[in-house]
Amino acid sequence: HTFNCGGYALGTFSWYCPSYDEDAWGFLEDWSWGFMKQVTQMAVNKMLNDFDNLRLIHQMHELLENEYAVAFRVSSDGDFHYIRQINGEHWEHKCGGSFIRSMNEAEVFTTNWCDRYDGPIILFAVEFE
């Protein structure tokens, strides 16, 4: 259990935080939607810079045969979370150092994940290595 949701979803199997500046996460008690969008964009830029096999997509049908989908969003308390598509409508996620858990596609595209992650949903295509 030495990796978090980012390490699992992005295939690094190490702890991955999408922030350039650790102080950018969690320093406000109640983030505004605009601030959440700014932090999300900062995280997206960091991920695209860190991973050559990652690209933004807007809809699931944009995936190529050699790619899987990853959904990402931040929470209003300053945390972040990733969910990885395994096959078809099956998704999995890992909360911190806990075990991998299943999530169905309807849950992925809900108003929040785990009653916590409520920022904009960002979709990525990750090329299989």
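The values are calculated or read from the model by the stated rules, or taken from the named source; none is laboratory data. Please read these numbers as outputs of a predicted model, since none were measured by experiment. With ideal geometry, Cβ positions are generated from the backbone for all residues, glycine too; neighbour counts draw on all protein chains shown. Protein only, heavy atoms only, side chains kept; ligands, DNA and RNA dropped before computing areas. Shrake-Rupley method; radii C 1.70, N 1.55, O 1.52, S 1.80 Å.
When +1 charges are put on Lys and Arg Cβ atoms and -1 charges on Asp and Glu Cβ atoms, the dipole computed for the chain relative to its Cα centre reaches about 60 debye. Axis angle, to the nearest 10 degrees, between helix 33-50 and the longest C-alpha principal axis of the chain: 50 degrees. Electrostatic tally near R116: other residues with Cβ closer than 12 Å to its Cβ, Lys and Arg +1, Asp and Glu -1, net -3. With helices as the sole contributors, the chain gives -6000 deg cm²/dmol at 222 nm; each DSSP H run of n ≥ 4 counts as -39500 (n - 2.57), and the sum is divided by every residue.
The trypsin sites (Lys or Arg not before Pro) of region 54-125 that DSSP puts in a loop, and whose beta carbon has at most 16 other beta carbons within 10 Å, are R116. If the segment from A106 to T12 were pulled out straight at 0.36 nm per residue, it would be longer than the present Cα-Cα gap by 31.2 nm.
Per-atom-type breakdown for the chain gives carbon and sulfur 50% of the accessible area (1.4 Å probe, protein chains only). Using the Cβ atoms and a cut-off under 11 Å, what net charge is assigned to the surroundings of V74, where Lys and Arg are +1 and Asp and Glu are -1? With Lys, Arg at +1 and Asp, Glu at -1, the neighbours total 0.
For the chain, the solvent-accessible area of protein heavy atoms averages 54 Å² per residue (probe radius 1.4 Å; ligands and nucleic acids excluded). Is the shape of region 31-78 best called rounded, prolate or oblate, per the rule: a/c under 1.5 gives rounded, else a/b larger than b/c gives prolate, else oblate, with a ≥ b ≥ c the square roots of the Cα gyration tensor eigenvalues? It is prolate, given that a/c is not under 1.5 and a/b is the larger ratio.
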